[in-house]
Amino acid sequence: MRYALITGGSRGIGRAICIALAEVGYSIIINYMSNEAAAMETKKCIEEKGGSAELLPFDVSDGEAVDQAVLSWTEKHPDDYIAILVNNAGIRLDTMMIFMQDEQWNNVINTNLYGFFYITRRLLKDMLTKRFGRIINVVSLSGIKGLPGQTNYSAAKAAVIGATKALAQEVGVRKVTVNAVAPGFITSDMTKDLDENTLKSMIPVGRFGKPEEVAAVVEFLASEKAAYITGEVISINGGLYT
Ligand code: NAP
């Protein structure tokens with residue numbers, strides 16, 4: 001049994017990733033922050049299709065909470081390790097920089113960037129020892145080209161892209177790959193305040209993407225077939241210029 005931990009697996013893109021990885025046989029560890037009902041719904045979707053899943057709530061931006069959660073999982077699964085880590089949990093708190101408060105800057109950096117760091121460093125050791133691991137970071141078009149009103153979010157996602165490339169070079173020799181997927185506009189709670197009708201005219205494919213379209217790429221990157229791809233950032237954005 002191979003275990004896959006998906007942070008922010010309760011809703012949106014994270015839920016679609018949980019379901020896709022369960023369908024190809026991984027046992028899924030669903031992380032979330034506070035929405036237990038949504039996380040239970042993800043678990044139910046997986047189990048209805050014959051898959052296996054468990055919940056592991058923690059705040060990715062709280063280093064101690066991350067360590068505690070990993071410790072409690074390891075105590076329950078002494079003979080197993082988490083081979084696949086999808087760093088998907090994320091938030092956006094948009095405002096022009098001239099109006100940006102410390103809290104908006106810090107919360108976005110802490111969740112999107114420190115969240116990646118705290119959990120990744122804890123799971124790396126077993127991946128390196130077992131000589132197999134997949135780390136897939138969900139970044140954003142915003143971290144590649146920068147988007148106005150998102151200096152906090154663009155900075156955090158761009159930082160994770162840099163870390164993806166650096167870490168890939170540290171761990172490749174041990175058959176651990178590290179990649180990123182960069183969605184454009186994807187239908188989810190995160191984008192429900194955006195006006196799709198206006199924005200879709202900018203997108204060559206003419207619509208927002210679906211969470212399942214991101215999950216399909218993550219599923220491939222997690223597979224054995226993707227063993228020779230590392231340090232890459234794959235855009236999933238319907239042709240939006242990056
Ligand atoms: P979403 O629907 O808002 O879901 C966010 C998920 O992250 C939820 O599961 C939430 O848990 C979890 N989460 C938030 N803060 C957390 C924390 N501190 N600790 C643990 N979990 C936390 O978002 P989404 O649209 O699916 O986005 C998923 C990822 O894709 C994010 O990294 C986002 O930046 C990125 N992305 C999204 C888009 C898009 O258009 N949607 C585009 C580019 C990139 P709860 O349910 O408990 O709140």
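Coordinate-derived values only; no laboratory data. Quantities reported herein were computed from a predicted structural model and do not represent experimental measurements. A quick note on method: Cβ atoms are made from the backbone with ideal geometry, for glycine too, and the neighbour counts reach across all protein chains shown.
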- Query: Going by a ≥ b ≥ c, the root eigenvalues of the Cα gyration tensor, does the chain fall in the rounded group (a/c under 1.5), the prolate group (a/b larger than b/c) or the oblate group?
  - Reply: rounded
- Message: Suppose the chain between A227 and D195 were pulled fully straight at 0.36 nm per residue; how much longer would it get relative to their current alpha carbon spacing?
- Response: 7.7 nm
- Just V160, V181, V24 to compare: in a GNM of the chain, with alpha carbon springs under 10 Å, which one fluctuates most? V24
- Query: When the dipole is taken about the Cα centre of the stretch 16-100, and only Lys, Arg (+1) and Asp, Glu (-1) are charged at their Cβ, what size is it in debye, to the nearest 20?
  - Reply: 280
- Looking at the stretch 1-76, which trypsin sites (Lys or Arg not before Pro) are DSSP coil and have at most 10 other C-beta atoms within 10 Å of their C-beta? K49
- Which pairs, out of K145/K225; K44/K225; K43/K76; K125/K165, put more than 21 Å between their alpha-carbon atoms? K145/K225; K44/K225
- Query: Out of I46, N31, V138, whose Cα points farthest toward the positive end of the dipole of the chain (charges: +1 Lys, Arg; -1 Asp, Glu; placed on Cβ)?
  - Reply: V138
- Message: For the pair N107/A216, report the inter-label distance in nm, with labels modelled 7 Å from Cα in the Cβ direction.
- Response: 3.4
- Quick one: Cα centre-to-centre distance for the stretch 117-175 and the stretch 51-71, in angstrom? 18
- Placed amide H near N137: partners under 5 Å, 5+ positions off or other chain: N87, N179, A180, V181
- ³J(HN,Hα) across the stretch 225-233 via Karplus (A = 6.51, B = -1.76, C = 1.60, θ = phi - 60°), whole Hz, x for Gly/Pro? 4, 9, 4, 9, 10, 8, x, 9, 10
- Task: Taking the Cα centre of the chain as origin, sum charge times position over the Cβ atoms of Lys and Arg (+1) and Asp and Glu (-1), and report the length of that vector in debye to the nearest 20.
- Result: 780
- To the nearest 0.05, the calculated FRET efficiency linking V205 and L128 through their beta-carbon distance, R0 being 41 Å, is 0.60
